[in-house]
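Visitor: I'd like to ask some things about the structure below.
The values are calculated or read from the model by the stated rules, or taken from the named source; none is laboratory data. Because the structure is a prediction, the values reported are computed rather than measured. Cβ: placed from backbone, ideal geometry, glycine included. Neighbour counts: every protein chain shown.
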Amino acid sequence: MNNVLEKYIPEKSVHACLELIKLTNAHIKVVSERATRHGDYRRLPTGQHLITINASLNKYKFLITLIHELAHLVAFTKYGRRIKPHGKEWKHTFSEMMTPFIHPAIFPKRLLPLLLNHFRNPTASSDTDAKLSLALKEYDKKTDKNYIFEVPHGSIFRIYNGKIFKKGNKRVKRYECLEVSTGRVYLFQPNAEVELLH
């Protein structure tokens, strides 16, 4: 497991992560990319705890996702299965488990203030924290995708599932975008990645 984890997370976080995995008795499975989620935690009918994480994540996103999913396991074990998946118990657990990793030996210094701010009240996905998400994406492999906030008003773009939209006005934080085929309006986070068509 040690050699496997070294491929996916910052070197200085490997030992602490291995200890958490042993402590929680979690089985970690690295999977092909899923467009709608970075990771997943499930308790199998056998009682085994299975955590799946996308192989395509950069090492910092992978670490955050691993701790996110382990926090589900710990919160459910500590508080019971009736808690909300991303409720106050999970937030507290995730924040507590993540804090020791927010360190310059693990994360680049420029990410530390953003991480500290995010983990005061963590959200269900770090992608909804636009500043942190954009900063983390700088460590991704380069692609030909654009962010919604970069795309000019009125542009036509495609998302991961092939649906085509036209960019509209900005609401407080998100952008109204019209699905071309149905005429329905959807709201997009400013850091959503899209393929610009014209």
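Visitor: Restricting to segment 51-78, give me the number of residues that are among the hydrophobic types (A, V, I, L, M, F, W, C), in a loop (DSSP other than H, G, I, E, B) and more than 10 Å from the chain's Cα centre (by Cα).
Guide: The number of residues fulfilling the criteria is 1.
Visitor: Ok, one more. Considering only residues that are surrounded by fewer than 19 Cβ atoms within 10 Å (Cβ to Cβ) and touching a helix residue (DSSP H, G or I) at 6+ places or on another chain (Cβ under 6 Å), look in segment 98-113 and name the one that is farthest from Leu50 (Cα to Cα).
Guide: Per the stated criteria, the residue is Ala105.
Visitor: Right, here's the next one. Determine whether segment 51-63 contains at least one residue that is more than 23 Å from Lys137 (Cβ to Cβ), at pLDDT below 95 and surrounded by fewer than 18 Cβ atoms within 10 Å (Cβ to Cβ). Talk me through it step by step, then tell me what you get.
Guide: Quick first cut of segment 51-63, residues more than 23 Å from Lys137 (Cβ to Cβ) only: none.
Scanning segment 51-63 turns up no residue that is more than 23 Å from Lys137 (Cβ to Cβ), at pLDDT below 95 and surrounded by fewer than 18 Cβ atoms within 10 Å (Cβ to Cβ).
Visitor: Of the residues Ala124, Ala75, only one is small (Gly, Ala, Ser), in contact with a His (Cβ under 7 Å, 6 or more places away or on another chain) and farther than 19 Å from Tyr8 by Cβ; which?
Guide: Ala124
Visitor: On the given criteria, is Val185 crowded, with 16+ Cβ neighbours inside 10 Å and farther than 17 Å from His38 by Cα?
Guide: Values: crowded, with 16+ Cβ neighbours inside 10 Å: no; farther than 17 Å from His38 by Cα: yes.
So Val185 fails the test.
Visitor: Can you give me the number of residues within segment 1-13 that are among the hydrophobic types (A, V, I, L, M, F, W, C) and either assigned to a loop (DSSP other than H, G, I, E, B) or at pLDDT 95 or above (or both)?
Guide: Number satisfying all stated conditions: 2.
Visitor: Please specify each residue of segment 158-185 satisfying the condition of being in contact with an Asp or Glu (Cβ under 6 Å, 6 or more places away or on another chain) and within 26 Å of Ala135 (Cα to Cα).
Guide: Arg158, Phe165, Gly168, Asn169
Visitor: Of the conditions (1) without any contact (Cβ under 8 Å) to a residue 12 or more places away in the chain; (2) loosely packed, with under 12 Cβ neighbours inside 10 Å; (3) under 26 Å from Tyr139 (Cα atoms), Arg82 clears all except one; give me its number.
Guide: (3)
Visitor: Is it the case that Ala130 is at pLDDT 95 or above and small (Gly, Ala, Ser)?
Guide: No, not satisfied.
Visitor: For segment 30-50, how many residues meet the condition of being closer than 30 Å to Phe188 by Cα and more than 16 Å from the chain's Cα centre (by Cα)?
Guide: Looking only at that region, the number is 1.
Visitor: If we keep just the residues of segment 130-153 that are in contact with a helix residue (DSSP H, G or I) (Cβ under 8 Å, 6 or more places away or on another chain) and closer than 16 Å to Phe188 by Cβ, which is surrounded by the fewest Cβ atoms within 10 Å (Cβ to Cβ)?
Guide: The residue in question is Tyr147.
Visitor: Right, next: Could you look through segment 97-114, keep only residues that are assigned to a helix (DSSP H, G or I) and touching a residue at least 24 places away in the same chain (Cβ under 8 Å), and pick out the one that is farthest from Leu23 (Cα to Cα)?
Guide: Applying the first criterion (assigned to a helix (DSSP H, G or I)) to segment 97-114 yields 97-101, 109-114.
Subsequent filtering for residues that are touching a residue at least 24 places away in the same chain (Cβ under 8 Å) retains 97-98, 100-101, 110-111.
Details: Met97: 13, Met98: 15, Pro100: 16, Phe101: 17, Arg110: 31, Leu111: 28 Å.
Checked segment 97-114; the qualifying residue farthest from Leu23 (Cα to Cα) is Arg110.
Visitor: Name the one entry in Ala16, Ala26 that is in the same structural domain as Lys91 (by TED's automatic domain parsing), touching a strand residue (DSSP E or B) at 6+ places or on another chain (Cβ under 9 Å), at pLDDT 90 or above and aliphatic (A, V, I, L, M).
Guide: Ala26 is the lone residue from the list that is in the same structural domain as Lys91 (by TED's automatic domain parsing), touching a strand residue (DSSP E or B) at 6+ places or on another chain (Cβ under 9 Å), at pLDDT 90 or above and aliphatic (A, V, I, L, M).
Visitor: Would you list the strands (runs of 3 or more DSSP E) that sit entirely within segment 127-198 and hold 1 or more residues that are closer than 25 Å to Thr65 by Cβ?
Guide: So the answer is 185-188, 193-196.
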